[in-house]
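The values are calculated or read from the model by the stated rules, or taken from the named source; none is laboratory data. Quick caveat, the model's predicted, so the values are computed rather than measured. Neighbour counts are summed over all protein chains in view; Cβ atoms, including those assigned to glycine, are modelled from backbone coordinates with ideal geometry. Each accessible area value is taken on the protein alone, full model and side chains, heavy atoms only, with ligands, DNA and RNA left out. Shrake-Rupley method; radii C 1.70, N 1.55, O 1.52, S 1.80 Å.
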Amino acid sequence: MPLLNFTGLDFEQIKTTLKDYLKSNSDFTDYDFEGSNLSTILNVLAYNTYITSYNANMVSNEVFIDSATLRENVVSLARNIGYLPRSKKAAKATVNFFCDISSVSPAPPTVVLKKGAVVATSKQFNGQSFVFGITEDKSVSVVDGIAQFDEVEVYEGTVIEQSFVYSSRNRFQKFILSNDGIDLETLKVSVKPSPQSSVSLTYARQDDLFDTNSGSTITASSPIYFIQEVEDEQYEIIFGDGIFGKALQDGNEINVSYIKTKGENGNGISNFSFSGKLCYTRNDSTINVTSGISLVTANESSSGGQPIESTESIKKYAPQVYATQNRALTANDYEILIPNKIYPEAESISVYGGEDLVPPQYGKVFISIKPRTGDFVSNAVKENIKRDLKKYSVAGIVPQILDLKYLFIETNSNVYYNVNLARNVAAVSSLVKSNIDKYADSAELNKYGARFKYSKFLKIIDQSHESICSNITTIQIRRDLRIAANQFAEYAIDFGNQFHISSMEGYNIRSSGFKVIDIVDTVYLFDIPNTDKKTGTISLFTLPGAGNAGPAQVVRRNIGLIDYVKGRITLNPINIVSGKSKDNVEILEISAVPESNDVIGLQDLYLQLDQSNCYMVVDEITSGADPSGSTYTVTPSYNTGKIVR
């Protein structure tokens, strides 16, 4: 009788199967398996089978990128389809200082800041010390005895240099960088004919067989190298073979420099002290400068540090990048290629074709990027992205990069609680707010194409503490409109969500106050729906009463249109003198109640949970103070009250 196939990894199941097999054998028909020494042998056989089955299962899992768990295996499988995981990225800071060498006579024409460490910090950041440096010497001119070092970009980490000598006799020679935590963007490779030579040739990194710099195929004389991740988060440099890329010659010396960084741990540092090396040359001698160095100031805290790409991210993006075949044809191709091939600093990205707009703009693709640091992508970076996209995009398609557009969600929650279970209502309120903040910072919201899930938000509040009985939460959506002050301009602002019409008499939208030409008082926006309940008009009103208490007085009608279904507001040419100041920018806040409490971030809108008001209300019925509910505090489930912001 043949053994059964072992489909489970249960020890007892395997042992029972072995017993059943032996019992079916005529030689062991009347044998007592439980009380015999043979039972021990069965335990060993079952244990051996269990271990073998487990190992076979793990080995088969590690063969496929979807089920592999070890980083080395995931990286190796991704390498087979041409994917290089993102390396650690060093935090960057911009520092300023000067060196007074007026005591040196005659004053040297230039002072050189040597590559390597420039500034450092003490153990004040989570008990860690950080060193920031540069990868190349920086020379500045001396003016009136002062060498002014302005806007010096320094990178967190230690500058490390390695060298190798190529030997054709070593067929298995590998050039492996012996450190982890390497920022590949700081990697520099040069080759000298021999260790004694003073001439070197700089090699450029390539990720494929198409030369992205010259726009032609790599030749046998192209000074290029390839890079791949190997074990323990280290990297191996691979040179050309004389067909694709310049081949190394026997005795060549390879010199490599790079920064070993702590990644995201180097973010948020602004207090620095000088730890670099300054020098100048006189009579072919190098003289170090050790005095007259000022304090170091930073324009802002260090930022941009990132960890190495995680195993989960590699498993997600490697097949997607491979599926694009390095071509940007669909919106999904752009969303994959830009953060992985062109702009790794992108935290989230949204891409849609011009054919999706109203009216359509054929032949264009619109891209909106949320960087990891800051809110906007600079114009210089936009141009670089568009230039690099030419290598992947189809001729005739024009990419346009848009600025980030926030869609703010404002919540107002009345939380009912049982006083018998809440010893400290302030602590409960703080816990609710903390959980709301965690949800606001989660990846579920902070991305393009996100959705605010109303039921989940209510659940987060209800489960914050055992004393909470229920909550009534109302929401509004808000956009901040940048004002072109003191000039006539036409404005259009999209919310991407349908507006709720609570009154046909208007005032379904609210705005902050602003000033317009020819009207002395502060004015506000309000709407009046048409009978179709799909569109309406926008007008201006004032609150001339004491303290803007009203009543509302309409001062100018039909200054714009509103589309309730599409969530779009347009203003005819209007001269706005001033608005609300926010981050030194004049803006106009406009808010409305969405038709659905589940809010989506449509196209280039980036959801952000902004204002979350939380009010604690005693549930007198549950607390037992008023079982009949005669004095129960009722909270409206709809937005009521103010007509202005």
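If you place +1 on the Cβ of every Lys and Arg, -1 on the Cβ of every Asp and Glu, and leave all else neutral, what size is the dipole of the stretch 239-356 about its Cα centre, to the nearest 20 Debye?
Approximately 480 debye in magnitude.
What per residue convex hull volume, in Å³, do the alpha-carbon atoms of the chain yield?
Per residue, the Cα convex hull of the chain comes to 328 Å³.
Based on the Cβ-Cβ distance of ALA443 and ILE517, what FRET efficiency does E = 1/(1 + (r/R0)^6) give at R0 = 51 Å, to the nearest 0.05?
0.70
Starting from the amide H of TYR606, placed 1.01 Å from N in the peptide plane, find each other amide H under 5 Å away whose residue is 5 or more places distant or on another chain.
Amide H neighbours of TYR606, under 5 Å, 5+ apart: LYS405, TYR406, LEU407.
Treating the beta-carbon of each Lys and Arg as +1 and of each Asp and Glu as -1, no other charges, what is the dipole magnitude of the stretch 76-177 about its Cα centre, to the nearest 20 debye? Numbers along the way, then the final one.
Working: 12 positive and 9 negative charges, 211 e Å.
Computed about the Cα centre, the dipole is about 1020 debye.
Find out how many positive minus negative residues lie around GLU231, taking Lys and Arg as positive, Asp and Glu as negative, among other residues whose Cβ is under 15 Å from that of GLU231.
Overall, the nearby charge balance is -4.
If I take every Cα pair under 8 Å that is 6 or more residues apart in the chain, average their sequence separation and divide by the length, what percent do I get for the relative contact order? Kindly include the intermediate steps, with their values, before the conclusion.
On the way: 1340 pairs, mean separation 74.4, N = 645.
Normalised by residue count, the contact order of the chain is 12 percent.
Hey, what do the phi angles of the stretch 310-316 turn into as Karplus ³J(HN,Hα) couplings, whole Hz, using 6.51/-1.76/1.60 and θ = phi - 60°, x for Gly and Pro?
Once rounded to whole Hz, the list reads 6, 4, 4, 5, 4, 5, 7.
Sort the stretch 239-296 into rounded, prolate or oblate with this rule: let a ≥ b ≥ c be the square roots of the eigenvalues of the Cα gyration tensor; rounded if a/c is under 1.5, and if a/c is not under 1.5, prolate when a/b is larger than b/c, oblate otherwise.
Here the stretch 239-296 falls in the oblate category.
Are there GluC sites (Glu not before Pro) in the stretch 561-645 that DSSP marks as loop and that have at most 15 other Cβ atoms within 10 Å, and which are they?
GLU595
What does the charge count near THR202 come to, summing +1 for each Lys or Arg and -1 for each Asp or Glu among other residues with Cβ under 13 Å from its Cβ?
Local net charge: +3.
May I ask you to compute the full-extension gain from LYS533 to LEU38, defined as 0.36 nm times their residue separation minus their alpha-carbon distance, rounded to one decimal in nm? Mind dumping the intermediate values first?
On the way: separation 495, 0.36 × 495 = 178.20 nm, distance 8.46 nm.
Length gained, LYS533 through LEU38: 169.7 nm.
Working with all protein chains in place, sort VAL140, VAL63 by solvent-accessible area computed with a 1.4 Å probe, largest first.
These residues rank, largest area first, as VAL63, VAL140.
Report, in debye and to the nearest 20, how large the dipole of the chain comes out about its Cα centre when Lys and Arg carry +1 and Asp and Glu carry -1 on their Cβ.
For this selection, approximately 1240 debye.
What whole-number value in cubic angstrom gives the convex hull volume per residue for the C-alpha atoms of the stretch 343-491?
176
Can you tell me the FRET efficiency between ASN288 and ASN57 if r is taken as the Cβ-Cβ distance and R0 is 51 Å, rounded to the nearest 0.05?
Efficiency, rounded to the nearest 0.05: 0.25.
Contact order normalised by length for the stretch 322-373, with contacts defined as Cα pairs under 8 Å and 6 or more residues apart; what percent is it?
In percent, rounded to a whole number, it is 30.
The stretch 56-141: which GluC sites (Glu not before Pro) are DSSP loop and have at most 14 other beta-carbon atoms within 10 angstrom?
Passing sites in the stretch 56-141 are GLU136.
Might you work out the accessible area of CYS469 for me, using a 1.4 Å probe with all protein chains in place, and round it to the nearest 10 Å²?
50
Restricting to DSSP loop positions (anything but H, G, I, E, B) with no more than 12 other Cβ atoms inside 10 Å of their own Cβ, which trypsin sites (Lys or Arg not before Pro) remain in the stretch 127-194?
ARG169, ARG171, LYS174
Whole-Hz ³J(HN,Hα) for each residue in the stretch 57-71, computed from phi via Karplus 6.51 cos²θ - 1.76 cosθ + 1.60 with θ = phi - 60°, x for glycine and proline: what do you get?
Rounded to whole hertz, the list is 5, 5, 4, 5, 5, 6, 7, 10, 5, 5, 10, 5, 10, 6, 4.
Quick one: which residues, 5+ away or cross-chain, put their amide H under 5 Å from the amide H of ASN572? H built at 1.01 Å from N.
GLY560, LEU561
Could you tell me which of rounded, prolate or oblate describes the stretch 595-645, using a ≥ b ≥ c as the square roots of the eigenvalues of the alpha-carbon gyration tensor, with rounded for a/c under 1.5 and, failing that, prolate when a/b is larger than b/c and oblate otherwise?
prolate
What full-extension length gain, to one decimal in nm, is calculated for ASN613 and GLU161 as 0.36 nm per residue of separation minus the Cα-Cα distance?
157.3 nm
Could you state how much accessible area LEU201 has, in square angstrom rounded to the nearest 10, with a 1.4 Å probe and all protein chains kept in place?
In the full protein context, LEU201 sits at about 80 Å².
With a 1.4 Å probe and all protein chains kept in place, how much accessible area does TYR322 have, in Å² rounded to the nearest 10?
120
Considering the dipole of the chain built from charges on the beta carbon (Lys and Arg +1, Asp and Glu -1) around the Cα centre, which of ILE182, ALA93, ALA323 is farthest to its positive end?
Checking the options against the dipole of the chain, the answer is ALA93.
Got a sec to turn the phi values of the stretch 257-266 into Karplus ³J(HN,Hα) couplings, 6.51 cos²θ - 1.76 cosθ + 1.60 with θ = phi - 60°, whole Hz, x for Gly and Pro?
Taking θ as phi minus 60°, the curve returns 9, 6, 10, 8, 10, 9, x, 5, 5, x Hz for the stretch 257-266.
Taking 0.36 nm per intervening residue step and subtracting the Cα-Cα distance, what contour gain separates SER637 from ASN326 on full extension?
Separation in residues times 0.36 nm, less the Cα-Cα distance, equals 106.8 nm.
What is the ratio of the Cα radius of gyration of the stretch 556-626 to 2.2 N^0.38 Å, with N the residue count, to two decimals?
Ratio of Rg to 2.2 N^0.38 Å for the stretch 556-626: 1.74.
Count charges around ASN418 for me, please; just the other residues with Cβ under 9 Å from its Cβ, Lys/Arg as +1, Asp/Glu as -1.
Taking every Cβ under 9 Å from that of ASN418, the sum is -2.
Kindly flag which residue pairs out of LYS88/LYS447; LYS115/LYS386; LYS262/LYS453; LYS138/LYS391; LYS89/LYS438 have an alpha-carbon separation exceeding 30 Å in this structure.
Where the Cα-Cα span goes over 30 Å, the pairs concerned are LYS115/LYS386; LYS262/LYS453; LYS138/LYS391.
Nearest 0.05, what FRET efficiency do ALA220 and ILE176 give at R0 = 22 Å with Cβ-Cβ as r?
The computed FRET efficiency comes out at 0.30.
Report the relative contact order of the stretch 119-254, percent, no decimals, based on alpha-carbon pairs under 8 angstrom and at least 6 residues apart.
23
Taking a threshold of 20 Å on the Cα-Cα distance, which of the pairs LYS459/LYS642; LYS174/LYS246; LYS114/LYS188 fall above it?
LYS459/LYS642
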